[in-house]
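Report on the structure given below.
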Amino acid sequence: MPRSRVTIDANEAAAYVAHRTNEVIAIYPITPASPMGEWADQWSSQGETNIWGTVPSIVEMQSEGGAAGAVHGSLQAGSLTTTFTASQGLLLMIPNMYKIAGELTSTVFHIAARSVAAQALSIFGDHSDVMAARATGWGMLFSASPQEVMDLALIAQAATLESRIPFLHVFDGFRTSHEIQKIEKLGEEDIRALIDSTAVASFRARSLTPERPVIRGTAQNPDVFFQARESVNPYYRAAPEIVQGVMDRFAQQVGREYRLFEFTGAPDAERILVLMGSGTEAAEETVGHLVERGEKVGVVKVRLFRPFSAEHLLRALPATTRSIAVLDRTKEPGSAGEPLYQDVLTAVNEGMGEGFAPFGTQPRVVGGRYGLSSKEFTPAMVKGVLDGLEGPAPRNHFTVGIIDDVTHTSIDYDPSFDVESPHVTRAVFWGLGSDGTVGANKNTIKIIGESTDLYAQGYFVYDSKKAGARTISHLRFGPRPIRSPYLIQKAGFIGVHQFGFLERYDTLGVADHGATVLLNSPFAAGEVWDHIPRSVQEQIVEKELKLYVIDAYAVARNARLGGRINTIMQTGFFALSGVLPREEAVEKIKEAIRKTYGKRGSVVVTMNEAAVDAALDHLHEVDVPAAATGSIPLPLVVPEAAPEFVRTVTAPMIAGRGDELPVSLLPDDGTYPVGTTRWEKRNLALEVPVWEPDICIQCGKCVVVCPHSVIRAKVCPEEAFQEAPGTFKRADARWRNLPEEKYTLQVAVEDCTGCTLCVEVCPAKDKSQVGRKALNMAPQAPLRVQGRAEWEYFLDLPHAKRGSDNGENGVGALAFTTAKDVQLLDPLFEFSGACAGCGETAYLSLLTRLFGERLLVANATGCSSIYGGNLPTTPWTCNDEGRGPAWSNSLFEDNAEFGLGMRLALDKQRVFAEELLRRLPDGEARALAKGILAADQSTEGAIRAQRRRVEQLKSLLDGGEDLEARDLLGVADALVDKSLWIVGGDGWAYDIGYGGLDHVLASGKNVNVLVLDTEVYSNTGGQASKATGLGAVAKFAAGGKPTPKKDLGMLVMGYGYVYVAQVAMGANDTQTIKAFLEAEAYDGPSLIIAYSPCIAHGIDMAKGLDQQDRAVKSGYWPLYRYDPRAPADRSPLHLDSKAPAMPLADYLYNENRYRMLKQSRPEAAAAFLQESERLVQDRWTRYERLAQAPEPHEGEAP
Amino acid sequence: MSLETTYLGLELASPVVCSSSPLTDDVANIRAMEDEGAAAVVLPSLFEEQITLESHQLDHFLTYGSESYGEALSYFPEPEAFAMGPDAYLDRIRAAKAAVDIPVIGSLNGVSTGGWIEYAKHIEAAGADALELNIYYIPTDPRQTGADVEAMYLEVVGDVRKNVSIPVAVKLGPFFSAVANMAARLAGAGADGLVLFNRFYQPDLDLTALEVVPHLVLSRSDELRLPLRWVAILHGRVDVDFAITSGVHTHEDVLKGLMAGAQVCMMTSAILQHGIPHIGTVLADVARWMEENEYESVRQMAGSMSQRHVAEPAAFERANYMKVLQSWRADPTGGVGRPGGSVLPRP
């Protein structure tokens, strides 16, 4: 039976085989492996069976460590079990992996290989994770393309069952895991043919069962452990032949041949490249090209890396080999060389020494590094490496693909060299995430892949920002399988789906001579030319590009598609590229629309179909003049006023030219300056809020809820406004104790995302026109220049502080306990790349307003570490005195411990500093020391006064020779109180980091924990956590979460000495502020659980605050504060919200995550609702009881 | 004595039909209504907006934020199929049909032509005995003429008629310049029955929040008179069946409706107020009244007091207005005046 051809990515390919060949699958989300778990969960929830006809059980664990443990147990108990992971996740599995291999247990873990965090986290692909696991005794098979992933997933599964050695099946994260290719899908019979039923039976026979009990996992002593460890050798010796045997059987069954080490190139090749993973595809493509031109070169593709078979490697190398370059996609600082290089070197030496090498003369072997963190690896680089092998003394320990101007490891290559076939259509599309470009391109690949004989490949480059994210799609189509795992260098078609991109990115840089360009333009064909920047015009003229325009937004608007221009631009591509006849293409697009949107209702289908038809009528060619005529220059990436680091390092990254930065310009220890988002003016919003001073009541709600800190307020005397721009607005301040001051509210129009939360929260309405508020949205473009000037002036105005240097409270002696006062404090977290309307960031902004200048943040990996710390620009910043939050991210699982460590260091330094102060000799410093030691630091004013004393002390000590004085200088800052906050999401707090969080809170130390609870793993795409509500649909809970949300607050209240608060800013901002202040003031551990709306909830983010209110009113999210300092006659628990008064359904069904279940499994949804209502009531009753004052003991006065 | 009647070609055991309301969303209620003698039930309306909005919403939230950011290419798993609200509605028709023997009338509420009308077909296929098409439109555009609005109504009715073979009743509001002409044209467009009249829930203003808020009030018996008048006028003039809705609370209301010319009287507010057993009470009272007044069947009284059959047809016209005004007297209780009372203030 012919096999079907499918157009899928490698994650789906691996998950397909894994789901078909296993019975239990333990999963945990981590990029870029998460989709494998998602597929498995979805298929099982849809009742898809494995080859034995049973639906695999899927279990989501609390961490990868947990997943590995569950896999280990399931394997021991006799079920075929697997998991998927990457990077840190794999590292967490290592302890169990030693056990699984030590017990000779058959399993395959599928790994979308990813960088391990070092100087920074990176979600992108290289082999550093799997290399860290190479001592565990696992076999390692490397796949290089989506087709290989499907094939080798099966080969690995068959091989593990026959060899008893567990296998990592490895493919490159993103480059392969997320690359879409047209591949042949293995059929059920192929899988059955490869999986040896006897081996399966043997596997089961080895399981633990009381029917034939054994003991496994003993402790061994020096007498036998060593020998027992050596007992496994025969299995490792046999494994390579077993794997080759399976590969041969696979070839017989399927027709595709694989070798452990596969040589391609000239039979008499002299210069050989050895590497593994997706890079082999580029190498093979290049070598083929060079051999055709008579070069004696070859490449060995390593498929079986462990157990490493020197014999098989040497058998694959031609006898003519003179020099070998081994490329590793990993870095092992301080090693003699990277792992594959060392293995090849050993193999060659052993082969020569022991006589099994084919060569007469020992070839020269050198090693190099390439492609770390998905750095591009192109044919030009392959050629560069091969060229480097030419001379008598090839460079060793080199790097390729970067400019290393520090240790000079990098080799040169000619970047203009390329091997792309003229028969391949290459197209690049620049889009916005929100316009649907990637989705449409994925459809395009499927259309071409599945309805023509052409092969298709798609790869997508995403942004590091979430709001206003830019996407670049790289599509190739051709008559032969496409093995080009690198970005397109020369494209025959360029789609620019945002007109503004022309001035921000070099969109036409990859345009081939004579290429077609389709531009989404608000300007008609006759007038567009004058709106194009001059340098872009020059490119168009010079490369003789054919330029077409379409006003896709107008077409989308007419079709009621909003900003979704995907099908419109897709139609334009098909109409211009001629990949398919136009009419056929239109029909296929419509077919794809029906397939994609059909189940969402016919209305959506009709709209999209109408847009396709309209698109063709709006496509117009531009008559390109013979020469550039324009006068529009490209704007600067960052202003000239930006600091040097921002101009030289950050700016190229913003402009997409980070690859060009040499090693010397990058910090060597991962330390970066703060406050860089302010230099990246993204101008995302189409509309921004405009302030009406006459209507405004100055309540500060808009300022406090703004997720991006783009609305700010100040009070100043009128004199401060003397030089203000003419348009600058202010009003009399409405504070009783600030009678003479003026109040001003300003919007950073260039940084605003247009989320409208500020307008939604604004309570002040125009009495003559109630639809008009104190803030109203207005088009951004006309306000840009004026807004920029106003903002700059505003930033220079003096801002309020919570305390003054003389120990008094800050401006007007305000209490700063309500939004009205807090709005005047400067946020030290601004313009993050979080989603528009993000529910988390307002809490961080508040945190920095209250404690920013003395704040230390330990941040768990997740959304907050990404919008908080992902380059090029980061939002944590400092105040006008240069003080601000010091921020760091360690890992996902250890954040509480990481923060505790910071606390311990601060405390230790404080103690040491105090000891040194007491030992100071008599003199001026000693006199100062007394004041410092006796200082009260219970208010911000007192803390500032202490800081002033410490500054004086430091200036007295500075330059002194005394050793203890120098020690004191080093730790004196610890004498000023610091505010230590441990910040993370629910995935961290409820799941992976819960053990550590529990321990740190139990420690009694003065740490503050802020849990930004979005009730899902937001950053990895909405997988369920233990914070997910009962019946909510999430990834890994496709059928609705079957268990209720964990009551973290209640668990922690059990300690009795931890301050606990549950807050929701949208429901009660005053309670939120109070909780933050109380938690910080409490000299012990504190926990704040903050309700954070997220796009993974499926709500209109503009209504996020309203939804928080519903959560509270329905009783789903009670507000409370549990303060251990409560006097004995009062309960420590204080309820800040009222008994449930709104039907729970009015909260739940306002969210897609709950509504979806109603639409897919209505009976289950109804049952969940009923149970949830009961749980809400029960919990409220329990809380109310706890919040009652304790009964006085008998004999006590009431 | 017979309470039997015929409506939209359906043979009914009594003249009381439960109109479209949240009560008829529940099969258990429908069964109880049947037990109390309800002749038929109209299911809650499936709204055009519901059909389109749900589809839009689902599409929006499944798409929103997707394919933008490398770590999260989507935020929801997508099941193989969705049972959209409209699909669940069809299931409820099937369930209702399986549970009771009385006719089950589907209800579709919308104003425009377009894809949503296909749900008329689905309602028929799900087993509904008839379809009530509820057209609820507020023409706010000053440029839109009465003729435009009328044309729109006729187009929707025509489109639905083309799509189904079950009887179609049209429920509409009273705000037409020429109700009789409109009724005749709706009949011409294919309506088998007219349900008079839809009650428009009027929004209210919240003075605290300065917001427009929905405001639901149940009908009262005195609201019966508007549909009563028009049914009486149209009976025998326009060849369709009539149902009276709005203000049917008591057996007297039912009797008046029948005498004015309605085949059936539809009831909701009274049931919401007094419970489903109220249907039985009203029917028993109708029967008692008929017995006391020696009526043999409700057919006997059908249209007996329609404009064509009363001694004074002008009573339904402008003359009646004059008469009422002339009879106005101040409310003797000191309240707002009511016809027939004294004009003199109380001493």
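Considering segment A:669-685, and only residues there that are assigned to a loop (DSSP other than H, G, I, E, B) and of a type in the set (S, T, N, Q), the residue that is surrounded by the most Cβ atoms within 10 Å (Cβ to Cβ) turns out to be A:Thr676. The conditions of being assigned to a strand (DSSP E or B) and either buried (at least 16 other Cβ atoms within 10 Å of the Cβ) or within 19 Å of the chain's Cα centre (by Cα) (or both) are met by B:Leu131. Identify, from the list A:Leu953, A:Leu975, A:Leu980, A:Leu963, the residue that is free of Cβ contacts under 8 Å to residues at least 60 places away in the same chain and either crowded, with 19+ Cβ neighbours inside 10 Å or within 28 Å of A:Ile1089 (Cα to Cα) (or both). Result of the check over A:Leu953, A:Leu975, A:Leu980, A:Leu963: A:Leu953. Considering (1) modelled with pLDDT of 95 or more; (2) over 18 Å from A:His620 (Cβ atoms); (3) assigned to a helix (DSSP H, G or I), the lone condition that A:Phe573 does not fulfil carries the number (2). In this structure, is A:Ala1189 out of contact with any strand residue (DSSP E or B) (no Cβ under 8 Å at 6 or more places or on another chain), at pLDDT below 95 and of a type outside the set (Ser, Thr, Tyr)? Criteria met by A:Ala1189.
Remark: pairs (first residue in segment A:411-430, surrounded by fewer than 17 Cβ atoms within 10 Å (Cβ to Cβ); second residue among the basic types (Lys, Arg) and at pLDDT 95 or above; Cβ separation under 9 Å; 6+ apart in sequence or on different chains) = A:Asp414/A:Lys383.
Per the listing A:Ile180, A:Ile191, A:Ile272, the residue uniquely of a type in the set (A, V, I, L, M), within 14 Å of another protein chain (Cβ to nearest Cβ), touching a Ser or Thr at 6+ places or on another chain (Cβ under 7 Å) and surrounded by 12 or more Cβ atoms within 10 Å (Cβ to Cβ) is A:Ile180.
Scanning segment A:917-935 for residues being in contact (Cβ under 8 Å) with a residue 12 or more places away in the chain and in a helix (DSSP H, G or I) gives a total of 9.
Considering each of A:Val116, A:Val170, A:Val130 in turn, give the residue that is of a type outside the set (D, E, K, R), in contact with a helix residue (DSSP H, G or I) (Cβ under 8 Å, 6 or more places away or on another chain), in contact (Cβ under 8 Å) with a residue 24 or more places away in the chain and part of a helix (DSSP H, G or I).
Details: A:Val116 fails: part of a helix (DSSP H, G or I); A:Val170 fails: part of a helix (DSSP H, G or I).
A:Val130 is the lone residue from the list that is of a type outside the set (D, E, K, R), in contact with a helix residue (DSSP H, G or I) (Cβ under 8 Å, 6 or more places away or on another chain), in contact (Cβ under 8 Å) with a residue 24 or more places away in the chain and part of a helix (DSSP H, G or I).
Restricting attention to segment A:448-471, and to residues there that are among the β-branched types (Val, Ile, Thr) and crowded, with 24+ Cβ neighbours inside 10 Å, which single residue is nearest to A:Gly431 (Cα to Cα)? Explain how you work it out, then say what you get.
Step one: list which residues in segment A:448-471 are among the β-branched types (Val, Ile, Thr), which gives A:448, A:452, A:461, A:471.
Still in the running and crowded, with 24+ Cβ neighbours inside 10 Å: A:448, A:471.
Working: A:Ile448: 20, A:Thr471: 5 Å.
Across segment A:448-471, the extreme among qualifying residues is A:Thr471.
Every condition in (1) crowded, with 18+ Cβ neighbours inside 10 Å; (2) within 14 Å of another protein chain (Cβ to nearest Cβ); (3) of a type in the set (A, V, I, L, M) holds for A:Ala585 except the one numbered (2). Does segment B:217-276 hold any residues that are at positive phi and either in contact (Cβ under 8 Å) with a residue 24 or more places away in the chain or crowded, with 24+ Cβ neighbours inside 10 Å (or both), and which are they? Result: B:Gly236, B:Ser246, B:Gly247, B:Gly261.
Among the hydroxyl-bearing types (Ser, Thr, Tyr) and more than 25 Å from A:Glu1078 (Cβ to Cβ): does that describe A:Ser865? When the stated conditions are applied, A:Ser865 passes them. Of everything listed in (1) surrounded by fewer than 19 Cβ atoms within 10 Å (Cβ to Cβ); (2) touching a helix residue (DSSP H, G or I) at 6+ places or on another chain (Cβ under 9 Å); (3) outside any loop (DSSP other than H, G, I, E, B), the single unmet condition for A:Gln342 is (2). The set of residues in segment A:602-659 being surrounded by 14 or more Cβ atoms within 10 Å (Cβ to Cβ), over 34 Å from the mean Cα position of the chain (by Cα) and not in a helix (DSSP H, G or I) consists of A:His618, A:Leu619, A:His620, A:Val622, A:Val624, A:Ala628, A:Gly630, A:Ile632. Only residues that are touching a helix residue (DSSP H, G or I) at 6+ places or on another chain (Cβ under 7 Å), farther than 16 Å from A:Val496 by Cα and within 14 Å of chain B (Cβ to nearest Cβ) were counted in segment A:447-461, giving 1.
Just checking, which of B:Lys162, B:Lys171 is out of contact with any Cys (no Cβ under 7 Å at 6 or more places or on another chain) and either within 14 Å of chain A (Cβ to nearest Cβ) or in a helix (DSSP H, G or I) (or both)?
Details: B:Lys171 fails: either within 14 Å of chain A (Cβ to nearest Cβ) or in a helix (DSSP H, G or I) (or both).
The conditions single out B:Lys162.
A:Gly1039 meets all of the listed conditions (1) within 24 Å of A:Ala1164 (Cβ to Cβ); (2) at pLDDT 95 or above but one, namely (2). Evaluating B:Tyr119 against the criteria (1) farther than 19 Å from B:Val16 by Cβ; (2) surrounded by 24 or more Cβ atoms within 10 Å (Cβ to Cβ); (3) touching a residue at least 40 places away in the same chain (Cβ under 8 Å); (4) away from chain A (no Cβ under 14 Å) leaves one unmet condition, (4).
Looking at segment A:1107-1116, is at least one residue among the acidic types (Asp, Glu) and more than 27 Å from B:Ser55 (Cβ to Cβ)? Looking through segment A:1107-1116, at least one residue is among the acidic types (Asp, Glu) and more than 27 Å from B:Ser55 (Cβ to Cβ).
Table: residues versus (1) surrounded by fewer than 24 Cβ atoms within 10 Å (Cβ to Cβ); (2) more than 14 Å from chain A (Cβ to nearest Cβ); (3) of a type in the set (Lys, Arg); (4) free of Cβ contacts under 8 Å to residues at least 12 places away in the same chain.
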| residue | (1), (2), (3), (4) |
| --- | --- |
| B:Asn29 | yes, yes, no, no |
| B:Glu36 | yes, yes, no, no |
| B:Ala40 | no, yes, no, no |
| B:Ser45 | yes, yes, no, no |
| B:His60 | yes, no, no, yes |
| B:Tyr64 | yes, no, no, yes |
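Within segment B:56-67, is even one residue modelled with pLDDT of 95 or more and either on the phi > 0 side of the Ramachandran plot or among the small types (Gly, Ala, Ser) (or both)? No.
Considering the conditions (1) in a loop (DSSP other than H, G, I, E, B); (2) surrounded by fewer than 24 Cβ atoms within 10 Å (Cβ to Cβ); (3) touching a Pro at 6+ places or on another chain (Cβ under 8 Å), A:Ile123 is excluded by exactly one of them, (2).
Considering only helices (runs of 4 or more DSSP H) fully contained in segment A:1-100, which possess at least 1 residues that are within 13 Å of another protein chain (Cβ to nearest Cβ)? If you could, list the steps in order and put the result at the bottom.
Working: elements: A:10-20, A:34-45, A:64-76.
Output list reads A:10-20, A:34-45.
Kindly indicate whether A:Gly837 is farther than 19 Å from A:Lys701 by Cβ, within 14 Å of chain B (Cβ to nearest Cβ) and surrounded by 22 or more Cβ atoms within 10 Å (Cβ to Cβ). I'd like the intermediate steps shown before the answer.
Numbers: farther than 19 Å from A:Lys701 by Cβ: no; within 14 Å of chain B (Cβ to nearest Cβ): yes; surrounded by 22 or more Cβ atoms within 10 Å (Cβ to Cβ): yes.
Spelling it out, it is not the case that A:Gly837 is farther than 19 Å from A:Lys701 by Cβ, within 14 Å of chain B (Cβ to nearest Cβ) and surrounded by 22 or more Cβ atoms within 10 Å (Cβ to Cβ).
I want to confirm something. Restricting to segment A:1000-1051 and keeping residues that are among the small types (Gly, Ala, Ser) and over 25 Å from A:Thr31 (Cβ atoms), which single residue is farthest from the other protein chains (Cβ to nearest Cβ)? Write out each step before concluding.
Of segment A:1000-1051, the ones among the small types (Gly, Ala, Ser) are A:1002-1004, A:1018, A:1021-1022, A:1024-1025, A:1027, A:1029, A:1031-1032, A:1034, A:1037-1040, A:1049.
Imposing the further condition that a residue be over 25 Å from A:Thr31 (Cβ atoms) reduces the set to A:1002-1004, A:1031, A:1049.
Details: A:Ala1002: 32, A:Ser1003: 32, A:Gly1004: 36, A:Gly1031: 14, A:Gly1049: 26 Å.
Per the criteria, the residue is A:Gly1004.
The values are calculated or read from the model by the stated rules, or taken from the named source; none is laboratory data. This is a predicted model, so every value here is computed, not measured. Because the Cβ atoms are built from the backbone with ideal geometry, glycine has one as well, and the counts that use them run over all protein chains shown.
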